[in-house]
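The values are calculated or read from the model by the stated rules, or taken from the named source; none is laboratory data. Everything quoted here is computed from the prediction, not taken from an experiment. Note that each Cβ is placed from the backbone with ideal geometry, even for glycine, and that neighbours are counted across all protein chains shown.
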Amino acid sequence: MAHAYTPGLKVTEKTLLSKRRILPLKGEVVVKVGDKVSPDDIVAKTELPGNVEPMNVANILGVPPEDVEECMTKKIGEEVEQGEVIAKSKSFFGLFTSTCKAKIGGKIENISSVTGQVLLRGEPIPVTVKAYLKGEVTEVIPQEGVVVTTWGSFAQGIFGIGGETHGELKVVSPDSRTILNDSDINDDLKDKIIVGGSLVTADALKKAISVGVRGIVVGGFNDKDLRDFLGYDLGVAITGNEEKGITLVVTEGFGEINMAEHTYNLLKSKEGQLACIHGATQIRAGVIRPEVVIPLEGDVHAKDEKVAVASKGLEVGSPVRVIRHPYFGVIGEVTDLPSPLQKLESESMARVLEVELEGGKKAIIPRANVELLEE
């Protein structure tokens, strides 16, 4: 019988991770293959064109548009400083002179004799790409970026907000079922990546931001608290660009949901080590999941026979998470994979599986309603 594969979250003790670190447009790569890098190391840089500032010089000087070019004291391509005179009108018998000063520093990009407008291009905006991980540069893509590779413990989340960050991993909740409250947050957690249990409250999130916690990894988060925190309904947008002062990785889903034991135990075992996380999430085509990476020492060019190189797919014994009502968020183990299609309550026919849920209860669930937990 062929394997049935259900995409799911990866949670693994050790795997080889490679991350592409690419500039938004061509620039300069500042590292080379073989270089060892840390999360804050810049691996590539470029400059975005500055903002354009239009100035109606004809109106300012009180001259016809066709005369603007003759009045300019600066030409196209020349540098200007903010407040510097860029144009003067010819004086009336030497008694009156009108001037036009640059609103911003930058360059003269265009002078129009039709509209009388002069376009100033602001200073270039520097853009850098950091390594994100502690690892080794294994590939350089000229003028674009690099690939950084490391051995690491790895856990994917279901949803997140906030960008890339890193810090020492600290487990705050005593188990995977405990709610992370504001009373659990103190000043000692500054610059840390903290791990909670089944839920983080809105007050705990706010306090974490106030004391300088860099990131939170937790089982669940209330959708109402999310709306209040962001100030808008998220919809289907890509997350990860929020600037809220913290990165949140939710491993299980919305509401109070216990963090999966194997995820909690993995993070607990890595307490005190460097953790690199991001909250970027995209649920449509080109799925992006938030993640936690704990870089490990090791030669990235060496093979580790203990590390699985391919997923076995969905089979008896596979750990799965139910992603639909009435067992949403529950973790279980596949005990049977019957081949024939079976009739569901909706009267439709579908392939199903038998799952032994936490607590020993068994349930028949459509295969489309579970996701594989890759361990």
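So for region 118-141 (the condition being in contact (Cβ under 8 Å) with a residue 40 or more places away in the chain, of a type in the set (D, E) and under 19 Å from C71 (Cα atoms)), does at least one residue qualify? Can you show your working first?
Pass one, region 118-141, residues in contact (Cβ under 8 Å) with a residue 40 or more places away in the chain: 118-141.
When the remaining residues are screened for being of a type in the set (D, E), the result is 123, 136, 139.
From what's left, under 19 Å from C71 (Cα atoms): none.
Taking every residue of region 118-141 in turn, none turns out to be in contact (Cβ under 8 Å) with a residue 40 or more places away in the chain, of a type in the set (D, E) and under 19 Å from C71 (Cα atoms).
Taking region 10-56 as the region of interest, how many residues are among the charged types (D, E, K, R), within 24 Å of the chain's Cα centre (by Cα) and part of a loop (DSSP other than H, G, I, E, B)? Before the answer, list the steps.
Applying the first criterion (among the charged types (D, E, K, R)) to region 10-56 yields 10, 13-14, 19-21, 26, 28, 32, 35-36, 40-41, 45, 47, 53.
Now restrict to residues that are within 24 Å of the chain's Cα centre (by Cα): 10, 13-14, 19-21, 26, 28, 36, 40-41, 45, 47.
With part of a loop (DSSP other than H, G, I, E, B) added as a condition, the list becomes 26, 40-41.
Of the residues in that region, 3 qualify.
Across region 153-171, what is the total count of residues that are closer than 20 Å to L226 by Cβ and either modelled with pLDDT under 95 or in contact with a helix residue (DSSP H, G or I) (Cβ under 7 Å, 6 or more places away or on another chain) (or both)?
Qualifying residue count, region 153-171: 8.
Just give me the residues in region 23-75 being within 13 Å of L119 (Cα to Cα), touching a strand residue (DSSP E or B) at 6+ places or on another chain (Cβ under 6 Å) and of a type outside the set (K, R), in sequence order.
Our first condition is that a residue be within 13 Å of L119 (Cα to Cα); within region 23-75, this holds for 50-58, 68-69, 72, 74-75.
From what is left, the residues that are touching a strand residue (DSSP E or B) at 6+ places or on another chain (Cβ under 6 Å) are 50-57, 69, 72, 74.
Within region 23-75, G50, N51, V52, E53, P54, M55, N56, V57, E69, M72 meet the criteria.
Please work out if D191 is among the charged types (D, E, K, R), free of Cβ contacts under 8 Å to residues at least 60 places away in the same chain and closer than 22 Å to G220 by Cβ. Break it down into steps so the answer makes sense when it comes.
Numbers: among the charged types (D, E, K, R): yes; free of Cβ contacts under 8 Å to residues at least 60 places away in the same chain: yes; closer than 22 Å to G220 by Cβ: no.
So D191 fails the test.
Let me spell it out: the conditions are (1) in contact with a Gly (Cβ under 8 Å, 6 or more places away or on another chain); (2) surrounded by fewer than 18 Cβ atoms within 10 Å (Cβ to Cβ); (3) among the charged types (D, E, K, R), and D228 meets all of them except one. Which number is the exception?
Only one criterion in (1) in contact with a Gly (Cβ under 8 Å, 6 or more places away or on another chain); (2) surrounded by fewer than 18 Cβ atoms within 10 Å (Cβ to Cβ); (3) among the charged types (D, E, K, R) is unmet by D228, namely (1).
Within region 153-167, is even one residue under 18 Å from V249 (Cβ atoms), part of a strand (DSSP E or B), in contact (Cβ under 8 Å) with a residue 12 or more places away in the chain and of a type in the set (V, I, T)? If you could, list the steps in order and put the result at the bottom.
As a first pass, look at region 153-167 and keep what is under 18 Å from V249 (Cβ atoms): 153-167.
From what's left, part of a strand (DSSP E or B): 153-156, 159-161, 165-167.
Adding the requirement that they be in contact (Cβ under 8 Å) with a residue 12 or more places away in the chain leaves 153-156, 159-161, 165-167.
Keeping just the survivors that are of a type in the set (V, I, T) gives 161, 165.
Yes, region 153-167 contains a residue that is under 18 Å from V249 (Cβ atoms), part of a strand (DSSP E or B), in contact (Cβ under 8 Å) with a residue 12 or more places away in the chain and of a type in the set (V, I, T).
For a quick check of your reading: which strands (runs of 3 or more DSSP E) sit entirely within region 288-372 and have at least 3 residues that are modelled with pLDDT under 85? Break it down into steps so the answer makes sense when it comes.
Numbers: elements: 291-296, 319-322, 331-336, 352-357, 362-366, 370-372.
In region 288-372, the matching strands (runs of 3 or more DSSP E) lie at 319-322, 370-372.
Looking at (1) assigned to a helix (DSSP H, G or I); (2) β-branched (V, I, T); (3) touching a residue at least 60 places away in the same chain (Cβ under 8 Å), find the lone condition where V217 falls short.
Exception for V217: condition (1).
Filter region 240-271 down to the residues that are assigned to a strand (DSSP E or B) and among the aliphatic types (A, V, I, L, M), then identify the one that is nearest to W151 (Cα to Cα).
Going residue by residue through region 240-271, those that are assigned to a strand (DSSP E or B) are 247-254.
Those left that are additionally among the aliphatic types (A, V, I, L, M): 248-250.
Values: L248: 23, V249: 21, V250: 23 Å.
The extreme case among them is V249.
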